[in-house]
Amino acid sequence: MGANQEAEEWAGAVRRYGERHELKYEPVGGINPKEGPVALCVGGTNRLTGQLAEGFWGSCCDADEKEMGSLFSKAVLPTAVLVKAHMPDLAQVVPAFNVESIEGHEALTQRFARKVEFESIDFNKRFLATVPSEYDPVALRELFSPGFLEWTTTMTGEIDFGINDRQLWFLWHLRERSEEELKAVLGNAGELFRRLQGEMDESGINTYPPGPWHAGLEPFPQG
């Protein structure tokens with residue numbers, strides 16, 4: 001299969017998933033109308049926006065794109081999918097953090113960041129968790145319960161996630177470009193969203209109910 005055909009088939013798979021789940025599909029994601037909520041995955045190729053999985057609202061798009069193919073059939077193809085959701089409630093607890101899969105990374109840079117160690121040996125072996133140098137790592141350590149740490153190690157494949165600009169982001173490195181793989185990406189992203197909300201609920205932190213505001217489709221509820 002040529003790279004151009006592979007790109008077309010991937011775009012078709014994303015579009016079909018969007019149609020089946022009543023999501024908004026855009027070949028290239030644009031910005032929201034003036035004075036509307038902030039859009040997610042702006043400029044991302046094959047963007048889907050809406051309820052990506054049951055109880056999980058956000059946007060996803062192609063990521064880590066590379067030019068592939070032969071001299072006569074070249075195309076830019078994604079090697080990962082990026083998923084985002086607005087989570088200002090989580091950002092109040094930990095304004096920014098990164099959790100990067102050690103798998104596939106020969107060396108993860110830690111400039112301007114503080115490493116966060118957890119009690120889970122399995123989690124520490126698989127992931128490098130950091131917060132910006134100006135933040136106290138204790139808040140992140142207290143947020144992740146033993147049950148949450150154990151669950152993250154059950155996800156297959158190479159994944160990264162974190163919070164930045166009051167948005168939860170989840171990066172899944174593709175094993176194949178198929179609708180089944182996309183379903184796995186969004187299912188795991190949705191589970192991450194729900195578990196993080198559960199962690200905050202257990203800590204007595206008020207959270208917003210899941211809804212279109214997490215996808216930038218409506219303003220967050222007041223009060």
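The phi torsions of segment 155-172, fed into the Karplus equation with coefficients 6.51, -1.76 and 1.60 and a -60° offset, translate into couplings of 6, 7, x, 9, 9, 9, 7, x, 10, 7, 6, 6, 10, 7, 10, 9, 10, 10 Hz, rounded to whole numbers, with Gly and Pro shown as x. Solvent exposure of the chain amounts to 52 Å² per residue of accessible area, where only protein heavy atoms count and the probe is 1.4 Å. Helical content of the chain, expressed as a calculated mean residue ellipticity at 222 nm, amounts to -9000 deg cm²/dmol (DSSP H runs of 4 or more residues, -39,500 (n - 2.57) each, divided by residue number, nearest 500).
The residue list A53, G147, P37 was ranked by how far each Cα lies along the charge dipole of segment 1-158 toward its positive end, using unit charges on Cβ atoms, and P37 comes out on top. In loop segments of segment 151-223 as defined by DSSP, the GluC sites (Glu not before Pro) with at most 11 further C-beta atoms inside 10 Å of their C-beta are E176.
The 3J(HN,Hα) values that the Karplus relation (6.51, -1.76, 1.60; θ = phi - 60°) gives for segment 3-18 are, in residue order, 4, 4, 5, 5, 5, 5, 5, 5, 4, x, 5, 5, 4, 5, 4, x Hz. Gly and Pro appear as x.
A cut-off of 5 Å between modelled amide H atoms, ignoring neighbours fewer than 5 places along the same chain, links N164 with W169. Exposure here means at most 14 other Cβ atoms within 10 Å; with chymotrypsin sites (Phe, Trp or Tyr not before Pro) in a DSSP loop as sites, the longest stretch of the chain lacking them is 113-223. GNM on the chain, alpha-carbon springs under 10 angstrom: the most fluctuating residue among L52, L171, L140 is L140.
In this structure, the pairs whose alpha-carbon distance is over 28 Å, taken from K74/K125; K24/K115; K66/K183; K84/K115, are K74/K125; K24/K115. Residues S70, S145, S101, sorted by accessible area with the largest first, give S70, S145, S101 [1.4 Å probe; ligands and nucleic acids excluded].
The values are calculated or read from the model by the stated rules, or taken from the named source; none is laboratory data. Quick caveat: nothing in here was measured; it's all calculated off a predicted structure. Note that we place each Cβ from the backbone using ideal geometry, even for glycine, and neighbour counts take in every protein chain shown. Just the protein is used for accessible areas: all its heavy atoms, side chains included, with ligands, DNA and RNA removed. Shrake-Rupley method; radii C 1.70, N 1.55, O 1.52, S 1.80 Å.
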